[in-house]
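The values are calculated or read from the model by the stated rules, or taken from the named source; none is laboratory data. Predicted model, so just to flag it, every value in this text is computed and none were measured. Because the Cβ atoms are built from the backbone with ideal geometry, glycine has one as well, and the counts that use them run over all protein chains shown. We work out accessible area using only protein heavy atoms, side chains counted, and drop any ligands, DNA or RNA first. Shrake-Rupley method; radii C 1.70, N 1.55, O 1.52, S 1.80 Å.
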Amino acid sequence: MLIFDYDGVLLDSVREIAVTAYNMLKGTIVTRLNHLPPNALELFLRNRFHVQPIGDAPVLMKWCLEAGEAGPDKLLSPEEYEGIIQHIDEPVAARTTRFFETRNLFKGKDLQAWIALNAPVQPLWRIMMQKPAEDLVLLTNKNREATISLSNHFGLVISEDNVYSGDLGTTKIDNMTQIMQRFKKPAYTFIDDSVKNLRELDEHFNIKEKTISLIFATWGYTGPDDARTARDFGYQVVTIDEFAAQLQAL
């Protein structure tokens, strides 16, 4: 059974995430990329791969805004990023809830501007549109409502029951447990663009025996060393063309 991450793998939403994170920090609702300080936006886009739970996106944006004259090519090391996250007192679940609330305010103010900051990843999106809705299961840190509304807007039919989302700070481990309890398959395959996500699932579910085969998507929000790290952990590493071919062969 093949399970998909959403942001980065099937949908490019990094610019919407940047604007929403900025709005959450500033207590405003801007709707265009040019309302963000250019240097901060470039820093965020470059370092987005560090973010795992989406509640950490505003933390990264705060650093980007405070970095001031730091060059837009500045790349945080894993240690630097963890140091920034660990200095935040607000629980990640609370930050996640506030992020989703801010996203809903953005949508309510200008739905078309919000949609315009998202784009399907091709050719995967077209391939998935040709498959039955019951064959598509999502395991994502995105909130359910945004996932379903964007999928519908861009023409991808998906069963709402098959969206395992990050609402209320639900983790991918929790959602994967629910998937296993529901489908009761002997084995699963999951594709994600985050080595951290893959590693957490691997260490939780594959301790006694390999239950989940893990695939790293090189086209998502990835860092310069992520593909090598994924290979070192024994995960399959695929380009978008390689994975598209695999999908079409199913």
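Okay, here's what the table says:
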read-out: Counted residues, segment 122-145 - those being assigned to a loop (DSSP other than H, G, I, E, B), closer than 17 Å to Met176 by Cα and among the charged types (D, E, K, R); value: 1
read-out: Extreme residue, least open to solvent (accessible area, probe 1.4 Å), among residues of segment 199-209 that are at pLDDT 95 or above and over 16 Å from Leu139 (Cα atoms); value: Asn206
read-out: Pick from segment 83-110, criterion hydrophobic (A, V, I, L, M, F, W, C) and under 11 Å from Asn23 (Cβ atoms), ranking: surrounded by the fewest Cβ atoms within 10 Å (Cβ to Cβ); value: Leu105
read-out: From Asn34, Asn23, Asn39, residue being farther than 21 Å from Ala119 by Cα, assigned to a helix (DSSP H, G or I) and polar (S, T, N, Q); value: Asn39
read-out: Pairs, first in contact (Cβ under 8 Å) with a residue 60 or more places away in the chain and among the hydrophobic types (A, V, I, L, M, F, W, C) in segment 132-161, second open to solvent by 40 Å² or more (accessible area, probe 1.4 Å) and part of a loop (DSSP other than H, G, I, E, B), C-beta under 7 Å, six or more apart; value: none
read-out: Conditions (1) more than 20 Å from the chain's Cα centre (by Cα); (2) under 25 Å from Phe154 (Cα atoms): number failed by Glu80; value: (2)
read-out: Residue check, Ala217 under 24 Å from Glu134 (Cβ atoms) and touching a Pro at 6+ places or on another chain (Cβ under 6 Å); value: no
read-out: Given (1) over 19 Å from the mean Cα position of the chain (by Cα); (2) loosely packed, with under 14 Cβ neighbours inside 10 Å; (3) closer than 24 Å to Asp193 by Cβ, index of the condition Pro72 fails; value: (2)
read-out: Residue tally, condition open to solvent by 40 Å² or more (accessible area, probe 1.4 Å), closer than 18 Å to Thr97 by Cα and touching a helix residue (DSSP H, G or I) at 6+ places or on another chain (Cβ under 6 Å), over segment 154-169; value: 1
read-out: Conditions (1) outside any loop (DSSP other than H, G, I, E, B); (2) surrounded by 15 or more Cβ atoms within 10 Å (Cβ to Cβ): number failed by Ala245; value: (2)
read-out: Filtered residue count, segment 1-31, keeping only those that are open to solvent by 10 Å² or more (accessible area, probe 1.4 Å) and either over 21 Å from Val121 (Cα atoms) or aromatic (Phe, Trp, Tyr) (or both); value: 10
read-out: Meets criteria (open to solvent by 10 Å² or more (accessible area, probe 1.4 Å), touching a His at 6+ places or on another chain (Cβ under 7 Å) and assigned to a helix (DSSP H, G or I)) for Ile148; value: no
read-out: Residues within segment 1-20 that are of a type in the set (Phe, Trp, Tyr) and not in a strand (DSSP E or B), tallied; value: 1
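A quick yes/no check of all residues on (1) surrounded by 18 or more Cβ atoms within 10 Å (Cβ to Cβ); (2) in contact with a helix residue (DSSP H, G or I) (Cβ under 9 Å, 6 or more places away or on another chain); (3) under 24 Å from Ala119 (Cβ atoms):
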site	(1), (2), (3)
Thr171	yes, yes, no
Asn175	yes, no, no
Arg182	no, yes, no
Phe190	yes, yes, yes
Asn197	yes, yes, yes
Phe216	yes, yes, yes
Arg231	no, no, no
Gly234	no, yes, no
